[in-house]
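Just below is one structure, and these are the notes that go with it.
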Amino acid sequence: MSTEFDASEFVDSDFETARKNSLQSASVVRASLAAETSRAPTREEVDGKVTDMQQKLAELKRTQQELERERAALEETRRRQMEFTTGRQEMVQHLTRGVSLLEEAEFAARRDAEQMSKTLIDLRESLVKVQSVQEQSWTKDNFNVELTRGLTTIENARMEWNSARLKFSLLDGALAAEAEPSAPVNPGPQWFVPKNYQELCKIGLALTWPIALTGLAIVLALFLRR
């Protein structure tokens, strides 16, 4: 036969005691916190909070200064990088253009120099040929032949000269300077300058006698009217 159920047999008295003590402690803590929250702060607490705030502000100020220095350094670095990039592009363009222009000028100068050297050789050869013609050695027998030969030499030299003039304008300038006659000096209008007092009186009389004669005629006309 089963016995009667007794609930008190399954209750831990120590646990119940500890739980009640914990509940009482929590109630005391909550009451203490409520009292701390409701009461006015003391001067020491306010001074401590002010000191903490000042320290935090000082720390923030130092952090801001460091950030400002870092920002200034980064801006300077960015400016230098932009200056480097822009300067590099500019100089690449200028140098590329300069190299191209100088290469073209060097090629043209070398070509002109080679052409001038060849023309100079041709002119020297023509000069030697013209100077080698000696008409004093001609005789009656070879006169016509030597004259024809000399005219041919001169004509060939003239062709070389005209060809050189077309290639180099310097030759035309030198030729024009040699052929230009000296300009006559214009002395300006030459007026008669009297050499002595008598010539001066003659000039004055020649200039004033028509006026004097006209005045005399007017005076005579008025006298006769009276």
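Overview of values
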{"read-out": "Complete set of residues in the range 95-127 that are in contact (Cβ under 8 Å) with a residue 40 or more places away in the chain and among the charged types (D, E, K, R)", "value": "Asp122"}
{"read-out": "Flag if Ser117 is out of contact with any helix residue (DSSP H, G or I) (no Cβ under 9 Å at 6 or more places or on another chain) and closer than 30 Å to Asn162 by Cα", "value": "yes"}
{"read-out": "Lone unmet requirement of (1) modelled with pLDDT under 90; (2) in a helix (DSSP H, G or I) for Ser2", "value": "(2)"}
{"read-out": "Residues satisfying the stated conditions in the range 132-141, i.e. loosely packed, with under 10 Cβ neighbours inside 10 Å and not charged (D, E, K, R)", "value": "Ser132, Gln134, Gln136, Ser137, Thr139"}
{"read-out": "The range 113-151: number of residues that are outside any helix (DSSP H, G or I) and of a type in the set (Val, Ile, Thr)", "value": "2"}
{"read-out": "Enumeration of residues in the range 113-130 that are surrounded by 13 or more Cβ atoms within 10 Å (Cβ to Cβ) and of a type outside the set (Ser, Thr, Tyr)", "value": "Gln115, Met116, Asp122, Leu123, Glu125, Leu127, Lys129, Val130"}
{"read-out": "Meets criteria (among the hydrophobic types (A, V, I, L, M, F, W, C), assigned to a helix (DSSP H, G or I) and modelled with pLDDT of 85 or more) for Ala212", "value": "no"}
{"read-out": "Residues being exposed (fewer than 11 other Cβ atoms within 10 Å of the Cβ) and under 14 Å from Ser126 (Cα atoms) - total across the range 142-157", "value": "1"}
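The values are calculated or read from the model by the stated rules, or taken from the named source; none is laboratory data. The model shown is predicted, which means the values in this text are computed figures rather than measured ones. Ideal geometry is used to build each Cβ from the backbone, glycine not excepted, and the neighbour counts take in all protein chains shown.
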